[in-house]
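One structure is given here, and the rest of the page talks about it.
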Amino acid sequence: MKRHIVPCALAVFVTLIVLTAGPASVCGASATGETAIKEAVKKHIEDHATWPKDRIRVDFFGAMPEVAIPSGHANLQVRSRAGEHYIGRTSFAVRFCKGDTVVREETVRVRIEVLTDVVASTHGIARDHIIGPGDVTVTSKWMDTATTGVLTDAGEAVGKKATMRLNAGTEITRQMLRPVPVVKKGEVVRVVLESGPMVISTVGLCQEDGGQGDLVRVQNLSSKKIIFARVMAASLVRVDF
C-alpha cells in the first residue's frame, strides 16, 4: 500500500507545479501597451504630415491594445493608407514585430487637428465694399478638415470687393471676394502684343469687367475680332503668348 502512495503524491506535486507556472511563453513575454502605441502613431504623423509639429493635435479613439511579445521587446511599425492627408478622422495599421516577424497587427483610430491661420472679418462688411487692412484679421483655429478656399493670409483679401454681406467674425473664403475691376465693359483700352524685341500696340473695346491679372475678352477695333488679353493696369491689356 505504501508503495502506491509515494508515486501518487509525487504526481500530484508535479501537477501543482505545472499549473502554478502556467505557459512558458507568457512568463518570458514583454507587454507593449498604450503609451508606446500612441507615441509611435504620433511620431509617424509628425514625420509624414506637411504641417509643423507644434500645430498638430492627435486624439485617439477606443482602448489601445496590449500585446505580449515573447522574449523581449517588440518593434512597432505604423502604416498609413494610400493618399493619407493627415487631417481629420482616419486610422493607422500598427504592426508588432519581433525581428522580421509580424506577431500581430492592430488598427488604431485617430482624429488629427491642425492649428490653422484663418482670415476673418473684424466687423460687419457691406456687399461691394472694398476690403481694407482694418476690415480683416488673422486668427488661429484648430481644424480637422482641409482649408480649401479659406484665406490664410490677410493680403489675399485686402483690395478686393466683397461679393456679399459679411458679419463680424466671418471666416473669409475666395468665393466671398472678387477683384476690383481695373477695366470695365465698354471701355476703350490699349492692347499690347510683345514678342521679343517687337512690340505692337492697337486699340480695343473691353467686352467684360476685369481685375488686374484677369484674362478678359477684347474686341480689336481695327479687325473687329474678339481676342483674349490680360489686364495689366487701368486701360491697358496685354496679349499673352
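For ARG111, the criteria (1) open to solvent by 40 Å² or more (accessible area, probe 1.4 Å); (2) more than 27 Å from HIS44 (Cβ to Cβ); (3) not in a helix (DSSP H, G or I) hold in every case but one, which is (2). Flag: GLY204 does not match the condition of being in a loop (DSSP other than H, G, I, E, B), in contact (Cβ under 8 Å) with a residue 12 or more places away in the chain and open to solvent by less than 50 Å² (accessible area, probe 1.4 Å). Any residue in the range 87-95 that is open to solvent by 60 Å² or more (accessible area, probe 1.4 Å), out of contact with any helix residue (DSSP H, G or I) (no Cβ under 8 Å at 6 or more places or on another chain) and modelled with pLDDT of 90 or more? Yes; the residues of the range 87-95 include at least one that is open to solvent by 60 Å² or more (accessible area, probe 1.4 Å), out of contact with any helix residue (DSSP H, G or I) (no Cβ under 8 Å at 6 or more places or on another chain) and modelled with pLDDT of 90 or more. The residues of the range 145-172 that are among the hydroxyl-bearing types (Ser, Thr, Tyr) and surrounded by fewer than 16 Cβ atoms within 10 Å (Cβ to Cβ), listed by number, are THR145, THR148, THR152, THR163.
Counting only residues that are open to solvent by 20 Å² or more (accessible area, probe 1.4 Å) and of a type in the set (A, V, I, L, M, F, W, C), the range 124-142 holds 4 of them. For the criterion of being under 41 Å from the mean Cα position of the chain (by Cα), surrounded by fewer than 16 Cβ atoms within 10 Å (Cβ to Cβ) and in contact (Cβ under 8 Å) with a residue 24 or more places away in the chain, ALA229 fails. Please indicate, with yes or no, whether at least one residue in the range 162-173 is closer than 30 Å to PHE60 by Cβ and either assigned to a strand (DSSP E or B) or modelled with pLDDT of 90 or more (or both). The answer is yes, given that some residue of the range 162-173 is closer than 30 Å to PHE60 by Cβ and either assigned to a strand (DSSP E or B) or modelled with pLDDT of 90 or more (or both). Do we have THR145 as under 24 Å from the mean Cα position of the chain (by Cα), closer than 30 Å to ALA63 by Cα and not in a strand (DSSP E or B) here? Considered against the rule, which asks whether it is under 24 Å from the mean Cα position of the chain (by Cα), closer than 30 Å to ALA63 by Cα and not in a strand (DSSP E or B), THR145 comes out as yes. Apart from one condition, GLN212 fits all of (1) outside any strand (DSSP E or B); (2) open to solvent by less than 70 Å² (accessible area, probe 1.4 Å); (3) not aliphatic (A, V, I, L, M); the exception is (2). Within the range 48-81, work out how many residues are open to solvent by 80 Å² or more (accessible area, probe 1.4 Å), outside any loop (DSSP other than H, G, I, E, B) and at pLDDT 90 or above. Final tally of qualifying residues: 5. Inspect all residues belonging to the range 187-199 and state whether any of them is assigned to a strand (DSSP E or B), more than 29 Å from TYR86 (Cα to Cα), open to solvent by 50 Å² or more (accessible area, probe 1.4 Å) and acidic (Asp, Glu). The answer is yes, given that some residue of the range 187-199 is assigned to a strand (DSSP E or B), more than 29 Å from TYR86 (Cα to Cα), open to solvent by 50 Å² or more (accessible area, probe 1.4 Å) and acidic (Asp, Glu).
The values are calculated or read from the model by the stated rules, or taken from the named source; none is laboratory data. The structure displayed is predicted, hence computed values, not measured ones. Counting neighbours? That spans all protein chains shown, and the Cβs are built from the backbone with ideal geometry, glycine included. Surface areas here come from the heavy atoms of the whole protein model, side chains and all, with no ligands, DNA or RNA. Shrake-Rupley method; radii C 1.70, N 1.55, O 1.52, S 1.80 Å.
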